[in-house]
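Any read-out appearing in this document is the output of simple, stated calculations on the displayed coordinates, not a laboratory observation. In this text, all values refer to a predicted model and were calculated from it rather than measured experimentally. In this analysis, Cβ positions are derived from the backbone assuming ideal geometry, glycine residues included, and neighbour counts consider all displayed protein chains.
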Amino acid sequence: MDTLILSPYFALIIEMKNILGTLLFDETFNQFIRTRNEKEEGFPNPLIQAKRQKTQLKTWLIQNLAADIPIEYLIGISSPSTILKTSADSSHVPFRVIHIEHLIEKIKFFKQSYPIEVITSRQIKKIPRALVINHVPGFLNVLDHYNISSQEIISGVQCPSCLIFPMRRIHGDWLCPQCGCKNKKAHLPALFSSD
């Protein structure tokens, strides 16, 4: 979730997109297509993502804080030069996808749509704290994911002279036990490798 705005009346999820070009929200095939420099690219549909976030947040709020609050969602396009298009049968896309400079108008519209306070200021303060406490970052065990044994991994800093592994760190220098090469920056190729 990129942005969550909370009020006593409703919550608003904003999924921000910084994509240049012409964006087509095709509801017929449920696609999000960017055209730029005469090249078309498909992206995951952010409307599906934001709608899923809305459902998950609603369930979480009810289960964890007993807060039943209306939740709206928008896709905010950050670049004003990005051109937005939709397939002919997409009636809800123009309502959900906006250039971000129209955000205040949209918030005012939602405020008029939800005039009754449903949560207190005290409950609003609890929500961000509870979200942070309950946040579990995704963890991918790369070795398991790619079925690689830890014994297959070559670790350490490679000697730039004789190319063996590993060099030893001694008093701020890397020292090769094979050829005796001493280098302060032998670790940098591993950090900046393009492979």
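Just the Kirkwood number for segment 35-120, please: inverse of mean 1/r across all distinct Cα pairs, in Å, one decimal.
After inverting the pairwise mean of 1/r, the radius is 15.3 Å.
With the cut-off at 19 Å, report for segment 78-142 the share of all Cα pairs above it, as a whole percent.
When every Cα pair of segment 78-142 is considered, 64 percent fall beyond 19 Å.
Note down the nm distance, to one decimal, between modelled labels 7 Å out along Cα→Cβ at Ile19 and at Phe192.
Placing both labels 7 Å beyond Cα along the Cβ direction yields 3.3 nm.
Taking a temperature of 25 °C and a viscosity of 0.890 mPa s, what whole-number D in µm²/s does Stokes-Einstein yield for the chain with Rh from Kirkwood over alpha carbon pairs? Provide the component values of the computation, followed by the final result.
Details: Rh = 21.4 Å.
After rounding, the answer is 115 µm²/s.
Relative to the present Cα-Cα distance, how much length would full extension add between Thr55 and Val118 at 0.36 nm per residue of separation?
20.9 nm
Express in nm, to one decimal, how much length is gained between Leu65 and Lys125 on full extension, taking 0.36 nm for each residue of separation and deducting their alpha carbon distance.
So the chain would gain 20.5 nm between Leu65 and Lys125.
Between Asp173 and Asn30, what is the spin-label point distance in nm, taking each point 7 Å from the Cα along the Cα→C-beta axis?
According to this spin-label approximation, the distance is 6.2 nm.
Return a whole-number percent for the relative contact order of the chain, with Cα pairs under 8 Å and 6 or more residues apart as the contact set.
Relative contact order here is 18 percent.
Would you mind checking Lys54/Lys111; Lys39/Lys106; Lys17/Lys51; Lys17/Lys125; Lys54/Lys85; Lys51/Lys106 for any pair whose Cα atoms are more than 21 angstrom apart?
Lys39/Lys106; Lys17/Lys125; Lys54/Lys85
Size of the dipole of the chain about the Cα centre, Lys and Arg at +1 and Asp and Glu at -1 on the beta carbon, nothing else charged, in debye to 20? Could you put the intermediate results ahead of the total?
Details: 22 positive and 17 negative charges, 159 e Å.
The dipole of the chain has a size of about 760 debye.
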